[in-house]
1. Assigning unit charges at the beta carbon (Lys, Arg +1; Asp, Glu -1) and nothing else, what dipole magnitude in debye, to the nearest 20, does the chain show about its Cα centre?
2. For segment 353-363, take each phi angle, set θ = phi - 60°, evaluate the Karplus expression 6.51 cos²θ - 1.76 cosθ + 1.60, and give the result in whole Hz per residue in order, putting x for glycine and proline.
3. Could you identify which residue out of Ile116, Ile293, Ile200 has the top mean-square fluctuation in a GNM of the chain using Cα springs shorter than 10 Å?
4. What accessible area per residue, rounded to a whole number of Å², is obtained for the chain using a probe radius of 1.4 Å?
5. Can you list the trypsin sites (Lys or Arg not before Pro) in segment 166-268 that are in a DSSP coil and have 11 or fewer other beta carbons within 10 angstrom?
6. Ignoring ligands, DNA and RNA, what percent of the 1.4 Å accessible area of the chain is carbon and sulfur?
7. Using the Karplus curve 6.51 cos²θ - 1.76 cosθ + 1.60 with θ = phi - 60°, work out ³J(HN,Hα) for each residue of segment 310-318 in order, rounded to whole Hz, and write x for Gly and Pro.
8. Over all distinct Cα pairs, what is the inverse of the mean 1/r for the chain, reported as the Kirkwood hydrodynamic radius in Å?
Amino acid sequence: MAYWFHRNPLKATTSLTFELRGVSTDDKTRRIFSEMRQSRNKLLELLTDPNHEKGFMEKAVSDYFSLLMGMIQPFEDSESENKLRRVIKFKWTNTLLGTPVKEQWDAVFEAASMLINVALWYTKHAAKLAAKEEPDMEEAKEVHKCLRIAAGIFTYVKDDLISRLSDNTDNAVDTDSRVLDAYINQCTAEAQEVTLARAIEMKHSASLVASLAHETGQLFKRADDALQSLDEKAVGKWRKYFQLKSEFYTAYAYCYHGESLLAQDKCGEAIRGLQEGVKCYKNAEDLCKEYAITKGQGTFARPANHIFFRRLGPVLKRTLEKCERENGMIYHQKVAYDPPILELKATYGLAAPEAFPAPTLNPLWSKEVYAKMDTKMAPKAENEADKKKEKDEKELPPVKEKETPMSEKEPSTLSGCVVS
């Protein structure tokens with residue numbers, strides 16, 4: 001499904017040499033920092049290209065983080081934090097704020113920032129697979145899994161890392177819990193989109209489709225709600241994406257709920273629900289236009305161009321006309337002023353973040369090696385000469401991400417979704 005997903009850009013960072021002369025005191029300690037530099041460069045290179053296989057990314061993440069953990073995880077029971085945690089200055093941009101740099105002398109900040117980029121790679125890899133002409137069943141499963149993995153990584157950063165950061169108060173930075181909540185809900189909702197399309201394709205019951213659509217719309221709404229207290233200039237475009245998806249899936253829920261109510265001979269309720277569905281669909285169409293003209297970070301999604309989106313309008317109209325005919329000829333039920341409340345709880349098909357396992361320590365690290373690290377010779381955050389030297393490095397150019405081919409061919413599936 002080409003251009004169905006909104007994707008924020010990768011975070012940019014500076015290259016690091018990890019040359020800590022005086023801190024690394026022998027060949028064993030120097031080897032750790034040498035391999036850390038190489039594995040970091042390799043991971044950053046892979047992150048720019050969503051065409052890589054998932055296995056390559058998993059190995060690169062494991063290689064780097066198993067070494068980085070030696071600067072985060074305490075080695076001695078007596079120490080409150082790892083003595084190497086604050087010996088390197090890390091610089092990163094933020095996905096919603098463009099080129100300005102955020103810097104911290106903190107390896108936890110590096111871990112959180114890099115993992116956010118890894119999670120973004122999984123979302124871009126999923127979008128790349130979904131944009132193929134005819135993804136097979138295994139690729140559809142991988143789209144679903146990658147989105148759940150991404151949600152799990154964002155959850156790990158939120159629950160295990162950001163509480164340990166001391167400087168985390170700027171508006172709309174990636175380590176803000178509100179931004180992370182939006183990412184978690186987005187990834188979970190998009191994974192559920194795959195499940196919903198599959199349910200439509202396999203002609204599951206109208207009640208199941210309606211409940212899945214309602215739950216999906218609610219996830220996108222929660223993503224939007226998470227961002228409402230942040231600067232609209234930074235999050236406005238992203239919020240429009242969440243709003244249009246929420247309205248679209250609410251319209252889907254009313255459509256299939258209407259079919260379910262009609263099957264129960266509740267024609268009056270079905271009519272009012274379908275009328276509300278038509279209204280939600282119109283709202284989604286309007287929001288697509290607003291999204292297109294709103295300035296902001298990220299790739300440009302075009303959901304209104306998709307047959308999966310376009311097909312719903314006529315289906316809503318036909319189902320409503322059918323219910324109105326049946327009510328006029330058979331049921332003669334009163335149509336309520338207020339729409340039926342969607343109290344739909346899906347019992348099957350709900351997506352959930354896949355738990356991210358905490359990185360394990362590389363065997364190169366040991367208490368003996370750690371003890372040989374001499375932090376007395378480490379650069380200090382308050383070093384004014386260092387600050388003056390790097391005075392001009394307050395912005396970084398955007399990451400040059402590899403483009404992925406996008407198919408414009410319309411799928412032949414019942415749902416109109418290629419990953420069903």
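1. 560 debye
2. x, 8, 4, 8, x, 4, x, 9, 7, 5, x
3. Result: Ile293 has the largest fluctuation of those listed.
4. 46 Å²
5. Sparse-neighbourhood loop trypsin sites (Lys or Arg not before Pro): Lys203.
6. 50 percent
7. Taking θ as phi minus 60°, the curve returns 5, 5, 5, x, x, 5, 4, 5, 5 Hz for segment 310-318.
8. After inverting the mean inverse Cα-Cα distance, the result is 23.4 Å.
The values are calculated or read from the model by the stated rules, or taken from the named source; none is laboratory data. Please read these numbers as outputs of a predicted model, since none were measured by experiment. With ideal geometry, Cβ positions are generated from the backbone for all residues, glycine too; neighbour counts draw on all protein chains shown. Only protein heavy atoms, including side chains, enter the accessible area calculation; ligands, DNA and RNA are left aside. Shrake-Rupley method; radii C 1.70, N 1.55, O 1.52, S 1.80 Å.
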